[in-house]
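Undergrad: Quick one: structure below, then a few questions.
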Amino acid sequence: EKHVLTTLFVGTPISWDTVWYMVAEAQYGGRITDDLDRELFNCYTQRWFKEDIFKPNFTFNSYQADYNYRIPEGLEIQMFRDGIDTIPSVDSPLIFGLHPNADLTYRLKEASEMISTIVETQPKDTGGGSGKSMDEIVKELALDYLSKMPPDFLEEVFRAQIQKLKGPPNVQGNNGFHAPLNIFLFQELQRLQNIIAIVRTNLKSIAMAIDGTVVMTQELLADLASIFDARVPISWTNDASGAEISWLMPNLGGWFTGLLDRQAMLNTWLENGRGVMKSYALPNFTNAQGFLTGMRQEVTRQHKKDQWALDDVISHTEVLPYDPEKIRDVPDEGQHIHGVFMEGARWNRADAKIEESEPKKLFVAMPAIFVTATTPKDLKALGINYGPFGPYNSACYKYPKRNDRYLIFRLLLRTDLHPSHWKLRGVCLVTQTE
């Protein structure tokens, strides 16, 4: 305010760059701890804090609507009160730069929370008659899941197998545990085996508690109720301290399918080596960031002659025009990933660029993505055409719930529109849609 008044009194043009920095980076933005939240705040500041704001026909909405968001003219307080009274009680997502689909996302979230509350509060007894009791239903489910449980990974066995696995090509003496991705596989198998052991023990304990063989503790009772409601027991996803040890899913069926998918992919990698892994399902990793870090380390070692340093290397991605099933060969450098979805927009495969979402389609499956490592100098030398305004630097999250904790990595995407348009749209990639 002081800067604007000073420049107006002196008669010099307002330095909007100064205003943007003071508002979005210092006075208000300085309180924002999430880097992506600060980027979004910068977008709003640059969109609305500009010379046009002093024009009488300025509106905050850049689209045609029944109501135009204007600054009331005049200095009387009553004029501002009257202006506030005319603002709609429910704002359109468009005023915030969001797609109309955002309203559908909000309503689906509200409906899901309400249904979850109803399920949690409904009586657990099935009543009289010939129907099965709650304990009988849960015992059947527990025994059914036990019969489908994958076999245990014995650490002595898979440690010996990994010792024999090959590392990346063109690197001397980089096999077994000398290869970063082989170490990553070992760690993933350890985590998955821990989860398999917890689930197997828990299901057996629930079945035995129902039979009266062991004591039905409060923890087992809570897990029993979760299985009856088709929810994932808390002991399967979090340890005693509350830290996440597996993946989060709203329903038990989807979580158990994820367990089988993860076991199948890791077992294929362990038994056959990376030579058969044409593409990796990113959602199947408990530590997806570790996979990308290991990939960067391996590519850096492959460029030892070029004197690449790991601290100078950055990730480089290329969205392929086809699905992972059509990938023919394993790349010599970098890896292929899949299982990622775009939210807030859609990916045009033919033109390889971001476009507006189709109505009522909240998530769009992405094709396979090639990820590798390079240096900023080499990336610039590639001369990639990201569009007239430059690339959109999209974030990729583990879940639709966006925060630093679930951020996996960021990738540059081609766009014909200004990147700020997609930032206001809230466009990102996610590895799970729920």
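Undergrad: Please determine, by comparing only the residues of the stretch 337-348 that are open to solvent by 20 Å² or more (accessible area, probe 1.4 Å) and part of a strand (DSSP E or B), which one is nearest to Leu362 (Cα to Cα).
TA: Glu343
Undergrad: On the basis of being within 24 Å of Phe363 (Cα to Cα) and open to solvent by 50 Å² or more (accessible area, probe 1.4 Å), does Leu5 make the cut?
TA: no
Undergrad: Restricting to the stretch 1-21, what's the tally of residues that are more than 14 Å from Tyr44 (Cα to Cα) and in contact with a helix residue (DSSP H, G or I) (Cβ under 8 Å, 6 or more places away or on another chain)?
TA: 6
Undergrad: I've got another one for you. Can you tell me which residue within the stretch 199-226, out of those that are open to solvent by 20 Å² or more (accessible area, probe 1.4 Å) and of a type in the set (D, E, K, R), is nearest to Pro150 (Cα to Cα)?
TA: Per the criteria, the residue is Arg200.
Undergrad: Exactly one condition in (1) open to solvent by 30 Å² or more (accessible area, probe 1.4 Å); (2) under 27 Å from Thr105 (Cα atoms); (3) in contact with a strand residue (DSSP E or B) (Cβ under 8 Å, 6 or more places away or on another chain) is not met by Tyr392; state its number.
TA: Of (1) open to solvent by 30 Å² or more (accessible area, probe 1.4 Å); (2) under 27 Å from Thr105 (Cα atoms); (3) in contact with a strand residue (DSSP E or B) (Cβ under 8 Å, 6 or more places away or on another chain), only one is false for Tyr392: (1).
Undergrad: Filter the stretch 402-434 down to residues that are farther than 17 Å from Ser357 by Cβ and among the β-branched types (Val, Ile, Thr), then give me how many there are.
TA: Within the stretch 402-434, residues that are farther than 17 Å from Ser357 by Cβ and among the β-branched types (Val, Ile, Thr) number 2.
Undergrad: Moving to a separate point now. For the subset of the stretch 63-78 comprising residues that are open to solvent by less than 100 Å² (accessible area, probe 1.4 Å) and touching a helix residue (DSSP H, G or I) at 6+ places or on another chain (Cβ under 9 Å), which member is farthest from Ser89 (Cα to Cα)?
TA: Gly74
Undergrad: Within the stretch 111-122, track down each residue that is open to solvent by 90 Å² or more (accessible area, probe 1.4 Å) and not hydroxyl-bearing (Ser, Thr, Tyr).
TA: Residues satisfying the conditions are Glu113, Met114, Ile115, Ile118, Glu120.
Undergrad: Just give me the residues in the stretch 385-430 being under 23 Å from Ile95 (Cβ atoms) and part of a loop (DSSP other than H, G, I, E, B), in sequence order.
TA: If the condition is that a residue be under 23 Å from Ile95 (Cβ atoms) and part of a loop (DSSP other than H, G, I, E, B), then Phe389, Pro400, Arg402, Thr415, Leu417, His418, Gly426, Val427 are the ones that fit.
The values are calculated or read from the model by the stated rules, or taken from the named source; none is laboratory data. Remember, it's a predicted structure, so these values are computed and weren't measured experimentally. Quick reminder, even Gly has a Cβ in these numbers, built from the backbone with ideal geometry, and neighbours come from all protein chains shown. The accessibility values were calculated without ligands, DNA or RNA, using every heavy atom of the protein model including side chains. Shrake-Rupley method; radii C 1.70, N 1.55, O 1.52, S 1.80 Å.
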